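Report on the structure given below.
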Amino acid sequence: MSETISPRSQSGNGQPQATQGMDQAVVHILERITDGFIALDNQWRFIYINSHAEPLFLGPRRAEMIGKSIWDIFPHQVGGTVYQHYHTARTTGQAVHFEEWFGPDLCTEQHVYPSEDGLSIYMRDITKRKKAEEILRVNEERLRLLMEHIPASVAMFDRDLCYLYVSQLWLENFRLTRQEVIGKTHRELFPNDPAHRREAYERALQGEHCKNEEDTITYPDGTTDWIRWEAIPWRDARGEVGGIIVFHEIITRRMELERRKDEFISLASHELKTPVTTLKGFAQLLQRRLKKQGDTQSLDPLRRMETQLNKLTMMINDLLDISRIQAGKLTFREDRFDLAKLVTEVVENLQQTISTHQLLISGKTPALVYGDRDRIGQVLINVLTNAVKYSPHANQVLISVAQEESSVRVCIQDFGVGIHPDQQEQIFERFYQVTSGGKNTNLTGLGIGLYISKEIIQRHHGRMWVESVVGQGSSFYFTLPLAPANSPKKQEKPGRRG
Ligand code: ADP
């Protein structure tokens, strides 16, 4: 146990005897309490200091202090706030409670109780708590500043989907004031918010990161906007979800531009189709005439012209498909056919136009599928021409058809440039083309073939994906469900091909 500065230890050396009233049992307890405790007599002299009080004086040892006036030991405190609090307690006879910083590293909380003999003071080091509070306050202030000035629409909710914070931009977007929002629940403010969004917020409250790239919102005044949003759970000190943060981005302008672009693509491809078809017709007519006349010299450039016109037709058809997909108007014929047979057919046809690569069917099992034979052929042509286009230093493309339990899987493998893992998902997006250092690495395509192909496969209830290693090559896969045994051989043709 640490030394006990008690009345007896001070007696006989000229120290005041004011603690004589404190018996040993009390002193024993005061030495064990976790708070600091001091007793001052009516002349402001220390008559008792417990062990926990000593460090709170930042220097002087309690043995040196006993019997001396507090203002002798701390003369700079005379007239200061501590002095005033002690004085108040003495002059009013009322207990006084206060908190005081002594330099940057010590803050004490003091409870001062006056009595006839002087003052009893309990003091506690609350530096850690005060510093934590300060950090919290500064963080809150930073968060408030961030929320007010961040050029993003952000709302923070608690577990009950009650608004805790909203950014200035959020208020501007929703044409509401902070007073109208904070403390209200999402349901109170937006009773007509659609179920899918409310359900997503509930899922976010379960810890899921939810988002929606294209959604609409109706404001309290009835106007609407296109938005993209993300709902992210935030966690409290115990690691439990304390609420969610929702980010909104208004994309109305972008959507409007997209709509105009789609309209333009649709219009332009329709407009291009007629002259190209006419040109093709004339080229074929000329070819027939020249053949008849035996003018073989002029035939070659005409054939090349036809090849280019065919490429142009394919591009226009792809653009028309894009417009149909956007408008939800891509339709399919329904037919039962052998996929392996189709693969062979497409490969043989394509091989006639490709001299740089050998298209090798490395494995094949007959597999009946149900769907649009031409559209699946279109997918095969897309992936095979890509395999050739993106493997300029290779001379082979391998194709395999394998039947699985309830589906058939086609694999087209090339030994070309490969695709970085970050881009393997994106290449299936509309107009996406791989870039390297900000530069487009492909100048011949439109970046729509894979988008259309994946859409076609998905509409046939199949899957399409790629596995690739940069510098080694890529394997494009797609699966299609096997046709049920009793599926009809042929059905009506709702779709029209571009
Ligand atoms: P594109 O007309 O540009 O070829 P696609 O939609 O067919 O459009 O392909 C999108 C992008 O994916 C291409 O621009 C290319 O960068 C990449 N890509 C497609 N197939 C391959 C492949 N076999 N190897 C490497 N990259 C490929």
Pick from segment 445-478, criterion open to solvent by 20 Å² or more (accessible area, probe 1.4 Å) and β-branched (V, I, T), ranking: nearest to the ligand (Cβ to nearest atom):
V470
With of a type in the set (D, E, K, R) and within 19 Å of G243 (Cβ to Cβ) as the only criterion, which of D221, D160 stands out?
D160
Enumeration of residues in segment 191-234 that are of a type in the set (F, W, Y) and assigned to a helix (DSSP H, G or I):
Y201
Picking from V383, V417, which residue would you name as being in contact with a helix residue (DSSP H, G or I) (Cβ under 9 Å, 6 or more places away or on another chain) and among the β-branched types (V, I, T)?
V383
If you check D422 against the conditions, is it of a type in the set (D, E, K, R), modelled with pLDDT of 85 or more and surrounded by 20 or more Cβ atoms within 10 Å (Cβ to Cβ)?
no
How many residues are over 13 Å from L56 (Cα atoms) and within 44 Å of the chain's Cα centre (by Cα) when one looks only at segment 105-132?
5
Considering each residue of segment 406-436, count those that are more than 10 Å from the ligand (Cβ to nearest atom) and closer than 17 Å to V347 by Cα, and give that number.
3
Would you check which residues across segment 328-355 are free of Cβ contacts under 8 Å to residues at least 60 places away in the same chain, of a type in the set (A, V, I, L, M) and assigned to a loop (DSSP other than H, G, I, E, B) and list them?
I354
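The values are calculated or read from the model by the stated rules, or taken from the named source; none is laboratory data. Since the structure is predicted, the reported quantities are computational estimates derived from the model, not experimental observations. Methodologically, a virtual Cβ is constructed for each residue, glycine included, from the backbone with ideal geometry; neighbour enumeration extends over all protein chains shown. For accessibility, only protein heavy atoms count, side chains too; no ligands or nucleic acids. Shrake-Rupley method; radii C 1.70, N 1.55, O 1.52, S 1.80 Å.
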